[in-house]
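Student: Dumping the structure here so I can ask a few things about it.
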Amino acid sequence: MPRSTLTGSRIRDRRTAKGLKQADLAREVGISPSYLNLIEHNRRRIGGKLLIDLSRVLEVEASQLTEGTEAALLNRMRQAAADTPKAAAEDDRSDEFAGRFPGWAGLVAAQHDRIAQLERTVETLTDRLTHDPFLSTSLYDVVSSVTSIRSTSSILAGEEELDAEWQGRFLQNLDNDSRRLAESSQALVAYLDGVGDAQGGASSPQEELEAYLLRNGFHLEALEQGTATPQDLVADAGLISEPAQILALAYFTRYQNDAACLPMAQVAALWSEMRDPAAMAQSTGTDIATVLRRIATLPDADPETRVGLVACDASGTLTFRKESPGFSIPKFGAACPLWPLYQALTRPMTPIEAVVEQASRTAPLFRCYAIAQPQQPTRFGAPVVIEATMLILPLEGSHQVMPKVEPQLIGSSCRICPRDGCSARREPSILADGF
Amino acid sequence: MGKHVLLIEDEPNIIEAIRFILSRDGWSVDTHSDGANAVERVQSMKPDMIILDVMLPNKSGYDILRDLRDDPMTAKLPVLMLTARGQTKDRELAERLGVNQFITKPFSNSDILASVRTLAGAQ
């Protein structure tokens, strides 16, 4: 129904735009005007030679008269309508609207995308300002220094009979505080310069490494091919801070080991065939976490459907982030405790699979695979170090594709999660009324 | 000797400045810099009032204030709270917990002195 409806509406729209009468177009393609009328009113299906003849006369590609090229546009429009139910958009006529007014339809979809992008930026900035320990510490330092300077200078300015010993102490304090103020102010300015780009500004060694990996699509061909060592890569990565270089060396070394266990060609073939990380681990004699990491390093066919990966330690701190579009991962502070990643942490060595819906305007669905495994102990008697890993696969078409699956409802982090009545909530959300 | 004030603050130079201001005005000033055992210190010293910073190591000023108000011995002890955060919600939280006065850093010496005189003088 949608295909024929759209096609008929478009034929009518195109004919009108070209100033052709219905009877003239019908004659040109060898059908009766009444039959063309039925087509234009979406009461007859059309395809094959007739569609090609009509497109020739209307001087348009046949594909442009069908819905196929605009399926994504219609999907975005429907999402826009679903996100703003108060507008009561005529969802059942969205295909007709897109066919008759493709420019306006494109504008609706583009604005919907833009709103989603801006919301993401707001979330990122809010997240950073709320939870960023560096910013919080720096501001506290500045205020403390200013407080001390103000109070001390008032004493020095107001006390006429201050003895030399006190005077010397306060002058020394003033000097110390002014130095501290200068240092914390400089650090703050340098930091805020980097915040200008809310999406790309790296404020921590982990973010610096993740920015490098993002630029390389999280796929390091030199390590896959064995043409470079982890040390070579660190030297060429252009990472500025020493902690980022240390993190990078650890990451590259693990990447190299993972690649030796599971070469890329094997991962690609098995993933294409099985789509099951546990089965892949079974067939290759590898552990599941390694398989999850290797799947996440497959080259992205489409950035919009990029596979995500997160890892955390036993404290729940996220130690690695590869975002999948639509799956929001907090850069600071703790993530949603309902993530399968954390459920895995409570059941080490138990593979967990779940379809999840993350709270947002578009309510995207993802299939997640998670497992928590102990890391290789460094010596007998060493404490057990657990790491949880979760692969995030976007499910295209969301609810339409998975009508029978009841997804687990999750968020990003409490601060920016609008879900009411969540039993796992740690703190109130800033997103009142669903933002 | 004037009335006794306990200053709970972890910034040494701020401590020195406030101690000087109050001592010159005739107050007896003791100081404490760690949040962890601040309540016990208050209970043992029995000051006439306390000046309490919010951001302290190991335990926040809010938690200390809550504990003081839960103890009948210190439930009515005058508390002047100092904080670098002057947002309404911080002030409201402090008031809900039973603070007597709330001053935002950076403060003026005269404000501190006036508040201490008012609070301790009302005892």
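Student: Just to confirm the number: angle between the C-alpha axis of helix A:48-57 and the first principal axis of chain A, 0 to 90 degrees, nearest 10?
Tutor: 80 degrees
Student: Could you line up A:LYS18, B:LYS105 from fewest to most neighbouring Cβ atoms inside 10 Å?
Tutor: If I rank by nearby Cβ atoms, fewest first, I get A:LYS18, B:LYS105.
Student: Can you work out the Karplus-derived ³J(HN,Hα) for every residue in segment B:17-25? Use 6.51 cos²θ - 1.76 cosθ + 1.60 with θ = phi - 60°, whole Hz, and x for glycine or proline.
Tutor: Those phi angles translate into 5, 5, 4, 4, 4, 6, 4, 4, 8 Hz.
Student: Hey, another quick one. Which of A:HIS112, A:HIS41, A:HIS219 ends up with the largest GNM mean-square fluctuation for chain A, with Cα atoms connected below 10 Å?
Tutor: Taking springs between Cα atoms under 10 Å, the residue moving most is A:HIS41.
Student: A follow-up question, please. Averaged across the residues of B:7-17, what count of C-beta atoms belonging to other chains lies within 10 Å of each residue's C-beta?
Tutor: 5
Student: Still on this structure, please answer the following. Label A:SER283 and A:THR16 with points 7 Å out from Cα along Cα→Cβ: what is the distance between them in nm?
Tutor: Calculated label separation equals 5.5 nm.
Student: Considering only DSSP beta bridges with both partners in the protein assembly as shown, what is the antiparallel share in %, to the nearest 5?
Tutor: 55 percent
Student: Helix-derived [θ] at 222 nm for the protein assembly as shown: sum -39500 (n - 2.57) over DSSP H runs of at least 4, divide by residue count, nearest 500?
Tutor: Per the formula, -16000 deg cm²/dmol.
Student: Averaged across the residues of B:104-113, what count of C-beta atoms belonging to other chains lies within 10 Å of each residue's C-beta?
Tutor: Mean shielding by partner chains, rounded to a whole number: 4.
Student: Of the candidates A:GLU123, A:GLU353, A:GLU273, which one comes out as most mobile in a Gaussian network treatment of chain A with C-alpha springs shorter than 10 Å?
Tutor: Most flexible of the set in this elastic network: A:GLU273.
Student: Give me the angle, in degrees from 0 to 90, between the Cα long axis of helix A:205-215 and the longest principal axis of the Cα atoms of chain A, rounded to the nearest 10.
Tutor: Long axis of A:205-215 versus the principal axis of chain A: about 30 degrees.
Student: Could I ask something else about it? Which angle between 0 and 90 degrees, to the nearest 10, do you get for helix A:164-195 versus the longest principal axis of chain A when only C-alpha atoms count?
Tutor: The answer is roughly 20 degrees.
Student: Sticking with this structure for a sec: Averaged across the residues of A:140-153, what count of C-beta atoms belonging to other chains lies within 10 Å of each residue's C-beta?
Tutor: Rounded to a whole number, the mean comes out at 6.
Student: Spin-label point model (7 Å from Cα, Cβ direction): what's the A:THR346 to A:ILE246 distance in nm?
Tutor: Taking the simple label geometry, A:THR346 and A:ILE246 are separated by 3.4 nm.
Student: For A:TYR191 and B:LYS89, what is the calculated FRET efficiency with R₀ set at 35 Å and r taken between the beta-carbons, to the nearest 0.05?
Tutor: The formula returns an efficiency of 0.90 here.
Student: A follow-up question, please. State whether chain B is rounded, prolate or oblate according to the following rule on the C-alpha gyration tensor (a ≥ b ≥ c being the square roots of its eigenvalues): a/c under 1.5 gives rounded; otherwise a/b larger than b/c gives prolate, and the remaining case gives oblate.
Tutor: Rounded, because the longest to shortest axis ratio a/c is under 1.5.
Student: Something else: Report, in whole Å, the centroid distance computed from the Cα atoms of segment A:277-294 and segment B:57-123.
Tutor: 57 Å
Taken together, the values in this text are just the output of simple stated rules run on the coordinates, not laboratory data. Please read all numbers here as calculations on a predicted model, not as lab measurements. As a convention, Cβ positions derive from the backbone with ideal geometry for all residues, glycine included, and neighbour counts pool all protein chains shown.
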